[in-house]
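Engineer: Sharing a structure with you now.
The values are calculated or read from the model by the stated rules, or taken from the named source; none is laboratory data. Bear in mind that the values here come from a model prediction, so they are computed numbers and not experimental data. Cβ atoms come from the backbone with ideal geometry, glycine included; neighbour counts cover every protein chain shown. Quick note on the areas: whole protein, heavy atoms, side chains included, nothing else; ligands and nucleic acids left out. Shrake-Rupley method; radii C 1.70, N 1.55, O 1.52, S 1.80 Å.
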Protein chains: 2
Amino acid sequence: MNFQKGKIKGRQEFLKDYSEESKENGFLRSALTEKNQFQTLEKFMLWFESRKKANRFIVKQIPFDKLDKWYFENETQNLIHESGKFFKIKGIRVSTNFGAIDKWDQPIIDQPEIGILGIITKKFDGVRYFLMQAKMEPGNPNIIQLSPTVQATKSNYTQVHKGKRPLYLEFFIDKMRSKILVDQLQTEYGGIFLKKRNRNMIVEVEEDVSIYDDFCWLTLGQIKKLLLIDNFVNMDARSVLSCVPFISQELEKQYESLSLENFLQSELFKNISEGFKRDLLISLIDKKNVHKPLAEILNWLTEMKSKYELKIEEIPLKDVSDWMRTEREIKHKTKQFFSVIAVAVQAGNREITSWTQPLLKQPSYGLVGFLTKKINRVIHFLIQARLEPGSFNIVEINPTVACNNARYRVQQQDRPPFLELFINASPIQIRYSTIQSDEGGRFFHSQNKHMILELDSSASLDIPENYMWVSLGQIMELLKHSYLNIDARGLISCLGLI
Amino acid sequence: MNFQKGKIKGRQEFLKDYSEESKENGFLRSALTEKNQFQTLEKFMLWFESRKKANRFIVKQIPFDKLDKWYFENETQNLIHESGKFFKIKGIRVSTNFGAIDKWDQPIIDQPEIGILGIITKKFDGVRYFLMQAKMEPGNPNIIQLSPTVQATKSNYTQVHKGKRPLYLEFFIDKMRSKILVDQLQTEYGGIFLKKRNRNMIVEVEEDVSIYDDFCWLTLGQIKKLLLIDNFVNMDARSVLSCVPFISQELEKQYESLSLENFLQSELFKNISEGFKRDLLISLIDKKNVHKPLAEILNWLTEMKSKYELKIEEIPLKDVSDWMRTEREIKHKTKQFFSVIAVAVQAGNREITSWTQPLLKQPSYGLVGFLTKKINRVIHFLIQARLEPGSFNIVEINPTVACNNARYRVQQQDRPPFLELFINASPIQIRYSTIQSDEGGRFFHSQNKHMILELDSSASLDIPENYMWVSLGQIMELLKHSYLNIDARGLISCLGLI
């Protein structure tokens, strides 16, 4: 592939060139590939159903006093595990100048250690495959979801709970056994986790890998298809997949020597994509027609971080005001926010076979969505700089709308900016709309509608100071440096890029 | 300037083209310019001396009980200001798996608010000038140093101390009056400040600016000269200047279409630089011959952040073990670390005319230095991932060596890696060597030798896992996203790039 010499090639040639001539990383090719030498998507679905049946599990809500190994600590009434490890639920007292409410108390999950969310990848006949897992989590609405190869807390791999060491963990720890392609610290949801971060890893393996019962190889193109199904791909997998660097430096450089017009008119480009997907690829690659240069976006983020203040005082759970504890629930007096419950779990394929644990329950569906529109002929996403109490760095980049808990159902005057556009979206604006659920190891049946809308390029919106239009390429650059929150990353992972 | 068409131009033409044809940001041209239409460097030095004489000041150490408005809080014995604002000195209890000592207590400066360190810039006849200030700080060894246009804490500009509002602050706050060129949150020294960050800003002004007594316009080329003088440019100015983006996107793109060989042989390049400076420019621009791609460096940083743990418990100053308070000092029992003292200040040009305050005193000179050497013909810097108790993000990028306090004088077996190379550096290896002092508003006569060494490209070193060779361009990319600590930024600001 060489644009400068004016050669125009078709899709097959492109794929060949792309993997052979340049130091291509294989992600783009895998995203273009739905053909899987191990199994079709139909066979995969049958296999996935069989895994569901093979693994018995019962999850039921229990009163707190039926929790085993978990208890309310005497002095603080914090909910803790007897090992002193795992997460604990304690309280925080928040004061901030961001948003309508300037002071409140709330429970929060405290788990300062950094876990690993990791996917193994391997090339077969030149195509990159991802080792995915059919994994149960007690809080998943459908119990089993497609998950990364490994989800390991430090407690997991230091084996505090005396269970089995997670399968495949060695490929993420032993540098001699894999090549690290992605290794990024990314945050969990700052409304409920206190400064929690995980390593999001993708490692490439060359040696033969044993495939255990609940695991299978999928191409990225297949996974993108599965992201169109409600609650199928779990949050951790979406978080890791959002970090995939689609555009190798080589492709970027080759693009820079062409004008956008020439690029759009090339056979190559016509063949690999069309419609919204085609627009996304332009938005990923084009650096010339962006609304604002990246440096200005970083300046804007600095201003937001400096303007908005957050003071967090850690307090005992017993001192959290406006929240109450019953036999089965810790809840806000208005019932508008999450509650803490306890569940008992029995399962066959989990590291240990039965356990009890606390989970967080949301009162209703949430909605997370990106508004997009073309600026200078390039699709831009409307990002939101927003402060959450548990955020690692004060302000994180959220999607245009992220309203958890029933807040989007309340009366119109309380609605956050732009929510109206999602609620009243016309079908021709909707580019993506699926239900996705939160991490089932911590959240009980917590689900959010994920939407991406495309507005007409002539649409004129009032943009509050904490919102900004950015290209997809800029989003990927910001994501790499951990500026995006989990909702924004989750939506990005759902984009069927090519 | 257009490499592709094969035109080769001289320095003057380059400068002309560079500012007129491309969207050049003016920083590089200013760095190349020592001619100042307002004053030569000689006249500036006379002016600077006159400012010293015009401003009387007396700084003397006093016992703590002579502090005015500062006192030891009853319950905690923390050292605080009666307004509840400004900084306070309290204690932390540290546990970590980084370094030889895994647990200790220490005093720390707590000042969670984000201040502004800002420089105004303006173009006169196409050349960018910087508005610098001759500013006194009580802890400066020579009292007055060249400082940014504005150093403002939030207490400053909300006027807690009832002094004057800092001059020129409006240009950093009112968006209608300037264009923001740099706005980055950067950290203070994490060994002594608890998660303290400041906005480092450079704003461009078009309107006429009144020049007050202690201010003057300098080119960046002149400031780079002044950075060769011991203790002349203050730490805040160095921090802001380290953020200067020398290479515009345009220059970068033009470079990418040339091979390194052609670039090196062009008249243009021969003219604008030579020797180490020439090598630095290559290291700033070249992305092809780097030791590791940036993605791999980010992966390595993630690994370091995941491996090294830091637990900080904030404790009352009275509970800090191994430290003692006398009438005039809070000090470690070994006297090897910093101590807290109190000073009384009288000055004419400060926001208020006399005051007392605590300062931190170091027991002796420190040493901060970068090892550099050519890899693939490109100068690389040996960076160090290091954990400090007050760091914002666990691990920050330090210079190769950063040993504050007398540690580099202790017996050889305790010396940090690579220190030996600096102590025994031969003159032909030394590319930069100057004494620079820490921020005189917090530190009393705290000075560090700043060194940059160039090793022979064949030099073979044992590189511990928390060290990495990176190019100057990569350093600038990491700096932009706030990965570099104050020592590393300070050294980078001293590089006379062109």
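Engineer: Restricting the range A:462-486 to residues that are assigned to a loop (DSSP other than H, G, I, E, B) and polar (S, T, N, Q), which is farthest from the chain's Cα centre (by Cα)?
Structural biologist: Filtering the range A:462-486 for residues that are assigned to a loop (DSSP other than H, G, I, E, B) and polar (S, T, N, Q), the one farthest from the chain's Cα centre (by Cα) comes out as A:Asn466.
Engineer: While we're here: Looking at A:Asp456, A:Asp414 in this structure, which one is at pLDDT 95 or above and over 25 Å from A:Thr187 (Cβ atoms)?
Structural biologist: A:Asp456
Engineer: When you scan the range B:200-229, how many residues do you find that are crowded, with 16+ Cβ neighbours inside 10 Å and either part of a loop (DSSP other than H, G, I, E, B) or of a type in the set (A, V, I, L, M, F, W, C) (or both)?
Structural biologist: Qualifying residue count for the region: 14.
Engineer: Still on this structure, please answer the following. Specify which of the listed residues (B:Leu294, B:Leu301, B:Leu310, B:Leu281) is modelled with pLDDT of 85 or more, under 26 Å from the mean Cα position of the chain (by Cα) and open to solvent by less than 20 Å² (accessible area, probe 1.4 Å).
Structural biologist: Residue meeting the stated conditions: B:Leu301.
Engineer: Is there any pair linking a residue in the range A:208-221 that is polar (S, T, N, Q) to one that is open to solvent by 10 Å² or more (accessible area, probe 1.4 Å), with Cβ under 8 Å and at least six apart or on different chains, and which?
Structural biologist: A:Thr219/A:Ala31; A:Thr219/A:Thr33; A:Thr219/A:Glu34; A:Thr219/A:Lys35; A:Thr219/A:Asn36; A:Thr219/A:Val127
Engineer: Just to be sure, is A:Glu439 of a type in the set (Asp, Glu), closer than 24 Å to A:Ala237 by Cβ and not in a helix (DSSP H, G or I)?
Structural biologist: yes
Engineer: Quick one: is A:Glu75 open to solvent by 50 Å² or more (accessible area, probe 1.4 Å), away from chain B (no Cβ under 14 Å), at pLDDT 95 or above and out of contact with any Gly (no Cβ under 9 Å at 6 or more places or on another chain)?
Structural biologist: Working: open to solvent by 50 Å² or more (accessible area, probe 1.4 Å): yes; away from chain B (no Cβ under 14 Å): yes; at pLDDT 95 or above: yes; out of contact with any Gly (no Cβ under 9 Å at 6 or more places or on another chain): yes.
Against the criterion (open to solvent by 50 Å² or more (accessible area, probe 1.4 Å), away from chain B (no Cβ under 14 Å), at pLDDT 95 or above and out of contact with any Gly (no Cβ under 9 Å at 6 or more places or on another chain)), A:Glu75 qualifies.
Engineer: Could you count how many residues in the range A:265-276 are part of a helix (DSSP H, G or I) and modelled with pLDDT under 80? Break it down stepwise before answering.
Structural biologist: Narrowing the range A:265-276 to residues part of a helix (DSSP H, G or I): A:265, A:267-272, A:275-276.
Pick out the ones that are also modelled with pLDDT under 80 and you get A:265, A:267-272, A:275.
Matching residues across the range A:265-276 total 8.
Engineer: When the range B:170-187 is examined, which residues are found to be surrounded by fewer than 17 Cβ atoms within 10 Å (Cβ to Cβ) and either part of a loop (DSSP other than H, G, I, E, B) or away from chain A (no Cβ under 14 Å) (or both)?
Structural biologist: As a first pass, look at the range B:170-187 and keep what is surrounded by fewer than 17 Cβ atoms within 10 Å (Cβ to Cβ): B:170, B:173-177, B:179.
Correct list: B:Glu170, B:Asp174, B:Met176, B:Arg177.
Engineer: Right, here's the next one. For B:Phe64, all conditions in the list (1) modelled with pLDDT under 95; (2) open to solvent by less than 50 Å² (accessible area, probe 1.4 Å) hold save one; what is the number of the exception?
Structural biologist: (1)
Engineer: Applying the selection to the range A:450-481, what residues are of a type outside the set (A, V, I, L, M), in contact with a Lys or Arg (Cβ under 8 Å, 6 or more places away or on another chain) and within 14 Å of another protein chain (Cβ to nearest Cβ)?
Structural biologist: A:Gly473
Engineer: So, of the residues in the range B:188-208 that are touching a helix residue (DSSP H, G or I) at 6+ places or on another chain (Cβ under 8 Å) and away from chain A (no Cβ under 12 Å), which turns out to be farthest from B:Ile119 (Cα to Cα)?
Structural biologist: Across the range B:188-208, the extreme among qualifying residues is B:Tyr189.
Engineer: Kindly evaluate A:Gly118 against the criterion of being within 14 Å of chain B (Cβ to nearest Cβ), within 27 Å of the chain's Cα centre (by Cα) and closer than 30 Å to B:Asn393 by Cβ.
Structural biologist: It is true that A:Gly118 is within 14 Å of chain B (Cβ to nearest Cβ), within 27 Å of the chain's Cα centre (by Cα) and closer than 30 Å to B:Asn393 by Cβ.
Engineer: Another one. Restricting attention to the range B:277-322, which residues are of a type outside the set (Val, Ile, Thr), within 14 Å of chain A (Cβ to nearest Cβ) and part of a helix (DSSP H, G or I)?
Structural biologist: Our first condition is that a residue be of a type outside the set (Val, Ile, Thr); within the range B:277-322, this holds for B:277-281, B:283-284, B:286-289, B:291-296, B:298-301, B:303-311, B:313-314, B:316-319, B:321-322.
Then keep just the ones that are within 14 Å of chain A (Cβ to nearest Cβ); that gives B:286-289, B:292-296, B:298-301, B:303-311, B:313-314.
Listed by number, the residues that qualify are B:Leu294, B:Ala295, B:Glu296, B:Leu298, B:Asn299, B:Trp300, B:Leu301, B:Glu303, B:Met304, B:Lys305, B:Ser306, B:Lys307.
Engineer: Further question: Regarding the range B:26-40, can at least one residue be identified that is in a strand (DSSP E or B), among the aromatic types (Phe, Trp, Tyr) and more than 30 Å from B:Ile315 (Cα to Cα)?
Structural biologist: Within the range B:26-40, the first condition is being in a strand (DSSP E or B), and the residues that meet it are none.
Looking for residues that are in a strand (DSSP E or B), among the aromatic types (Phe, Trp, Tyr) and more than 30 Å from B:Ile315 (Cα to Cα), one finds none in the range B:26-40, hence no.
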